[in-house]
Structure formats: structure tokens, C-alpha cells
Amino acid sequence: MSQAHRVIILNEFILQRQTEYPDASGELSALLHHLGLAAKIVNRAVNKAGLIDILGSVGASNASGEDVKKLDMFAHDHFLNTLTTCGQCCGVASEESDDIIILEDDLSRNAKYVICIDPLDGSSNIDVNVSVGTIFAIYRRLSPVNGPCNQEDFLQTGRNLVAAGYIIYGSSTVLVYSTGNGVNAFTLDPSIGEFCLSHPNMRIPENGIYYSLNESYKNYFPYAINEFVEYCKADDKATKRPYSSRYVGSMVADLHRNLIKGGIFLYPPMKTHPRGKLRMLFECNPMAFIVEQAGGIANRWRKCHIRPQT
Ligand code: P6P
């Protein structure tokens, strides 16, 4: 088979990239491999969600006050189980867990990485068969090895990220990640059960037509945001803009589209949420890392200036 058509599977790619770092120990490679393994298990459940008793709510809410779906907890349990047994991280912060999960076994307590994970982002879309995703962020621990990790290990700036990525469970299941040297995406081939390199060295297009935000909050947005949206909608003949609105309500799906087609995704702060809704640890930091690694720009809204609507 010609080199051009040879399939490169995730684990092969991870190991190939590891050779670029002579002093790499292989721990990060093993961690990424195990995330891919857990993703396959969650993917199988997401694809069967309508057939097995896994839809609907567990009747509880998470630390963010969001209704926890059964599939949220399934994803949390499987990613946590994989991360606990792989011995490559000393702790996990999950959006579905109120506290950090400290891994104390001999192997894990010596591991040098911690991971923040949103096991199933966009879960409000699960019951209506819209794409959802897992988001992960990997940091080097600040606490000394051979002891328990602590909160400071997780509360790091996004600039300290060692790696980040997401898995989108949609019409196909795609794992997208970066270790700081570009972004690569792998599409799951169910016939062989492997994530195969499908989008090498992803770059956000210079120009994109999509603007993506939940316009129902228009009356709560900063004035400048509404000005921007009106600019995109301007429809007089002379200045017809080529823009189009797309909003899934699942950050992974909205950002994955923009990564491939170009465009802007916004979740502005609002009068009701002056610091915005998206979680810094589980959504903003990892997704901003991916966007910037793909040549895009990511920005956190510092202050919420609400000018009176004229
Ligand atoms: P809204 C999902 O709950 C999420 O955190 C992101 O994935 C998504 O972009 C956003 O919230 C959707 O929020 O308020 O538009 O439903």
C-alpha cells in the first residue's frame, strides 16, 4: 500500500510524536492512549443511548448547578476508572465531582500529571441526538511527587497546559488533541475499533462565515456584542454580509465546526452571569489551547460593560 493511503492510528501517532521529545518518559503518551480507550467505551454508550436505559436525568445537579444526566455519570465513571487504573495521573478534577479526586495508589501518587475533564459536555443535547463531547486538560503537577496532589495542581493558568483536547460524539466520533505542537484529529473507525488520523495539522481557515452564540440572551449581552451581531446581520444591498448564524448549544460541536470551517464562537458574560457561564477549567482553558494551537485567537472577556440599550 502506498505511504499516502496508509492508515495511522492514534497510538502509533502518539508514539511517533513522542520521539520528537528525547527526554520524554512516555507517561503523557500513555495518558493520551488511555483517554482514547475511555472515549471508545463512552462512544459505544452514546451511540446506543436510545436503546439502553441511559437517557434522562439522575435527579441530581453538579457543582455548576446543572442537571446531571445518566450519560454524564456513565462518562464520568468510565473516564475516572480508566484514569485511576492507568497510573499516569495523580489526580482528576471532573465537572461531575464536587471535589478533586486524589489518586493515592503507589503508581498514581508518583505520576507527574493531573487532568481536568468534562466527561460529557453539552449533555442537555443527549436526549435529542445532537452531538456532545468530552473535554480534557492535562497539567504538570506543582505538588511534589510521591505525595497527594492538591487543588493548586488543578487551578493553573491555561498557559501551563501540557496537552488538551476533546472527543466529539457526532455523525462520527473524532478525537482532537494538541500537546503544544499543532492540532491533529482522529476519526474512530468502528470496523477496526481504532481512532485513525483524519485531519493532520488542523488550521482554522483565515476567513469563516459562521458566528455562533445564543442570541436569546440578547437583552443581557454587553452592548458591543449586540453591535457585532447586528453588523453580521446587516442586510442592505450595499453591505450584505456573507455571514451565517450557527449555534448547537454544545461547545465541542460549535468549536469543532469553527475549527474546520472557520468563524467565531462567543459565550459572552451577561448581567445574570457577569463572569460568563463556561467553566474555565473544564471548557475555556482546554478549548482556547486547541483554538490557538490551530492558529486561531481565544479571548476571555475581562469585564462585562453593559451600556444601556438605545
Ligand atoms: P446555553 C453546555 O451546557 C455548555 O456548557 C456548552 O457546551 C455550551 O456551549 C453552552 O453550555 C450552552 O449554553 O446557555 O446556550 O444553553
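The values are calculated or read from the model by the stated rules, or taken from the named source; none is laboratory data. Note that the structure is a prediction, hence the values are computed from the model and not measured. Here the Cβ is made from the backbone with ideal geometry for all residues, glycine too, and neighbour counts use every protein chain on show. Quick note on the areas: whole protein, heavy atoms, side chains included, nothing else; ligands and nucleic acids left out. Shrake-Rupley method; radii C 1.70, N 1.55, O 1.52, S 1.80 Å.
Percent of Cα-Cα pairs per 10 Å bin, from 0 to the last occupied bin, for the chain, please list those.
Calculated P(r), rounded to whole percents: 6, 25, 34, 23, 9, 2, 0.
Taking only C-alpha pairs under 8 Å that are 6+ residues apart, what is the relative contact order of the chain in percent?
Once divided by the residue count of the chain, the mean separation gives 15 percent.
Starting from the amide H of residue 121, placed 1.01 Å from N in the peptide plane, find each other amide H under 5 Å away whose residue is 5 or more places distant or on another chain.
HN-HN under 5 Å from residue 121: 133, 134, 135.
At 1.4 Å probe radius, can you tell me the per residue accessible area of segment 1-151 in Å²?
On a per-residue basis, segment 1-151 sits at 47 Å².
Work from the charge dipole of the chain (Cβ charges, +1 for Lys and Arg, -1 for Asp and Glu, about the Cα centre) and give the residue of 214, 59, 199 farthest towards its positive end.
214
Keeping all protein chains in place, calculate the accessible area per residue for segment 210-293 (probe 1.4 angstrom), answer in Å².
Per-residue accessible area for segment 210-293 comes out at 50 Å².
Can you give the relative contact order of segment 49-150 as a percent, counting alpha carbon pairs under 8 Å and 6+ residues apart?
23 percent.
Sequence-distant or interchain residues sharing an amide H contact under 5 Å with residue 264, placed H: which?
HN-HN under 5 Å from residue 264: 210, 211, 212.
Could you give each residue of segment 38-44 its phi-based ³J(HN,Hα) in whole Hz, using Karplus coefficients 6.51, -1.76, 1.60 with θ = phi - 60°, and x for Gly or Pro?
After applying 6.51 cos²θ - 1.76 cosθ + 1.60, I find 5, 4, 5, 5, 5, 4, 4 Hz.
What order do you get for 164-175, 222-233, 112-123 when each peptide is scored by the mean count of other beta carbon atoms within 10 Å, highest first?
So the order, starting with the most tightly packed, is 112-123, 164-175, 222-233.
Enumerate the calculated ³J(HN,Hα) couplings along segment 242-258 in order (Karplus 6.51 cos²θ - 1.76 cosθ + 1.60, θ = phi - 60°), each rounded to whole Hz, writing x wherever the residue is Gly or Pro.
Couplings: x, 8, 9, 8, 9, 8, 8, x, 10, 4, 4, 5, 5, 6, 4, 4, 5 Hz.
Modelling each spin label as a point 7 Å along the Cα-to-Cβ direction, I'd like the residue 151/residue 192 distance in nm, to one decimal.
4.7
Here are some pairs, 48/218; 40/233; 40/218; 69/233; 70/233; 40/112; which of them have Cα atoms lying more than 32 Å apart in this structure? Before the final figure, lay out the partial values.
Working: 48/218 36 Å; 40/233 40 Å; 40/218 38 Å; 69/233 36 Å; 70/233 39 Å; 40/112 25 Å.
Too far apart for the 32 Å limit: 48/218; 40/233; 40/218; 69/233; 70/233.
Of the accessible area of the chain, with the probe set at 1.4 angstrom, what percent is carbon plus sulfur?
C and S fraction of accessible area: 52 percent.
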